[in-house]
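All remarks here apply to the structure that follows.
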Amino acid sequence: MLFKNCICKMGFVAVPNSPFFAMRRFHLLLLGILPIAYALSNDCPSPMCGDMEIKFPFTLESSSNSCRTAGASANLSCSSTNETIITLPSSESYRVTSIYNDINGYGIFIEVLLSTKPSMSCPWRKGTQKWPKIYGSVFYVAFSRFVVVNCTTKLSWSAASFVYDEVFGPISCLSKQDSFVYAMNELATIDKLSPSCTVVYNGEVLSNYPGQSIQAIAPKSLQGQTASLYINSEYPICSDCFVEGKKCGYNIRRDTRFCFSQDSHHGLHLIVEGVAIGTSLVIFLIAALVVLYYFKKYSNEKQKRIKVEQFLATYKSTTLTRYNFTNIKKITKKFKHKLGQGGFGSVYKGELTNGIPVAVKLLEASKSNGDDFVNEVATIGKIHHVNVVRLLGFCSDGANRALVYEFMPNNSLEKFIFFGESKKRHEFFSTEKLQEIAIGIAQGINYLHQGCNQRILHFDIKPHNILLDYDFNPKISDFGLAKLCSRDQSIVTISAARGTMGYIAPEVYSRNFGHVSHKSDVYSYGMLLLEMIGRRKNVDPTIENLSEIYFPEWIYNKLVHSTSLRLAMEMEGNEEIMRRLAIIALWCIQWNPAERPSMSKVVQMLTTNFQSLEMPPTPFVPSSDQPGNVNVSTNHEVILEVCISTNHEEILED
């Protein structure tokens, strides 16, 4: 039974397995999960505005409606410069400088900036300090009451006395040469001062919290720049939490406020936290896999770029132009006109600045590892032959790679030789023209094998890769799978099958059929030649007559029995040319590589006297004298089974 091959590619991701590595990753995992778990267990989490945490019951205006309804209506917003702004019902707006908890049980405070410049007035003089207008809001303004006294003599006291904590002064802005003015706490006893002191008036001054000592607020009062706001007692939101020194949260589903400490949650919220951690774990793992995928993709692409740039650094050419990707987009008018699709990318029509039309192959990074680009530039970048498409330039710009060729207006040979295409195209191709095209292709392959400093093996000869110029002269293209070797090297080493199913030589599949060499291109040429003669695929399951499905065997039987090919295929044309091309094709597809002619011999056979051509042996069984040959069944049904099950267009790479 004929062989069947399946080539699989597998990618392996190296995973470090050291305990230290695993512990570090687990630690990072917990650091990523716990903040998310906390946020999910508290339905109204504390949003951030810049570096400031907006603590519940305060929320931003951008928070959910449920959180704003459950919390205190403070009209807080975050500006474009990440500054927290509070807007009072009086339309006054202030920048919030801090939000803090008071240890004395008053709750949570918002400190606002009243002025950006130090106050030049005397804050201890009655009515001189600016206060925010809180009418209609949920806030109180934190202040402390004081008493101003005037003494005829300067007071003195020690740090241990009560006066040190309850009296501030003398106040320079109120005192004179023989009058010393002091401020003291409202509840302080004046009797403990000097008899020369008398009460002048009572006043109020801004403080960090209600009833703050005069000594503590004196520096702030002298500046007069900030004020502290706290929630009105008529709105006892979270007051029990603040008394206990805990934070306040809100559960939307249960419509319940709850208290929790810095390190743990309360009661039933442990269950919520567990669910949150599980959800966070799944999210985190998915995110980690996505990051790993893109990191690996980036690393692979980086390796491709390094490989290509290292090649270009050593490659010297005075004939090729290097373009950047912006140039490529201009040449193709942003890839407006697509000509076709190849194994490694799409081909677009373009035009150089001098008006010369070109074809631009844009290589797809996902289908290429960089070798196809290097192969194309290395092989046809320095060669010139009438039957080899000319490479004019290339682009290697980051992850973008493209090749610029001369434009072939008549597309590929594939469009003209199969009856499945437009019938009008066959009017151009008489048997004489087919022979002319066959000779041109053979001369091009022979040049690749013998005419260059190094032998170039194409490995993907097929109708799709034969382009036709204005006069329908053939040009070999697509060197993405090509391989370079020395001209005297008879055996080539490849790690896996490469080429297109239906044109690949047997030895490329399995070394049991011989060694891979330039004769592998000869086999592909023979299969192409048969398709040109029959103007159909070599394997065509749509044919009604079972004996005609595998065309090479069918045409061999016709030649052996001296049947007219022209009549058998119901075609117009020169019988001698058709028989010549068929005989040469059958010589080229011999399973034993040693029995195939070289391409120089093929060119000679195409141009020599027809009477001198010998009929080849059957190409479907290796010769008995071939060392290491394998038994290959010629059973017609077995051959058909393999050929029909083969995907004709599958691309295999090294």
Out of E406, E427, E414, sole residue that is modelled with pLDDT of 80 or more, over 30 Å from Y323 (Cα atoms) and of a type outside the set (A, V, I, L, M, F, W, C): E414
Close pairs from the stretch 80-91: first in a loop (DSSP other than H, G, I, E, B), partner loosely packed, with under 12 Cβ neighbours inside 10 Å and at pLDDT below 90, Cβ under 6 Å, at least 6 apart: N82/G50; P89/G136
Tally of residues being part of a loop (DSSP other than H, G, I, E, B), at pLDDT below 85 and farther than 21 Å from V360 by Cβ across the stretch 466-513: 14
Selection within the stretch 47-58 - part of a strand (DSSP E or B) and under 11 Å from T84 (Cα atoms): M48, C49, M52, E53
In the stretch 348-362, residue surrounded by the most Cβ atoms within 10 Å (Cβ to Cβ) [restricted to those that are more than 23 Å from the chain's Cα centre (by Cα) and hydrophobic (A, V, I, L, M, F, W, C)]: V360
Given (1) modelled with pLDDT of 75 or more; (2) of a type outside the set (F, W, Y); (3) assigned to a loop (DSSP other than H, G, I, E, B), number of the condition N75 does not satisfy: (3)
Selected residue [at pLDDT 65 or above and more than 16 Å from G107 (Cβ to Cβ)] from I283, I237, I271, I231: I283
Pick from the stretch 187-228, criterion at pLDDT below 70 and in contact with a strand residue (DSSP E or B) (Cβ under 8 Å, 6 or more places away or on another chain), ranking: nearest to T152 (Cα to Cα): A218
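Every residue, every condition in (1) in contact with a strand residue (DSSP E or B) (Cβ under 7 Å, 6 or more places away or on another chain); (2) at pLDDT below 65, yes or no:
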| position | (1), (2) |
| --- | --- |
| D263 | no, yes |
| H266 | yes, yes |
| K302 | no, no |
| S317 | no, yes |
Residues that are in a helix (DSSP H, G or I), more than 24 Å from S486 (Cα to Cα) and of a type outside the set (G, A, S), drawn from the stretch 514-538: M527, L528, L529, L530, E531, M532, I533
Residue list for the stretch 160-183, restricted to those being part of a strand (DSSP E or B), at pLDDT below 85 and among the aliphatic types (A, V, I, L, M): V167
Selection within the stretch 396-415 - touching a Lys or Arg at 6+ places or on another chain (Cβ under 7 Å) and assigned to a strand (DSSP E or B): A402, L403, Y405, E406
Failed criterion for K382 (all others in (1) over 22 Å from Y503 (Cβ atoms); (2) not in a loop (DSSP other than H, G, I, E, B) hold): (2)
Qualifying position, being in contact (Cβ under 8 Å) with a residue 12 or more places away in the chain, in contact with a Leu (Cβ under 6 Å, 6 or more places away or on another chain), more than 19 Å from N538 (Cβ to Cβ) and of a type outside the set (F, W, Y), among Q454, Q489: Q454
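The values are calculated or read from the model by the stated rules, or taken from the named source; none is laboratory data. Note that this is a predicted model, so its numbers are computed, not measured. Here Cβ is always computed from backbone atoms with ideal geometry, including for glycine, and neighbour counts include all displayed protein chains.
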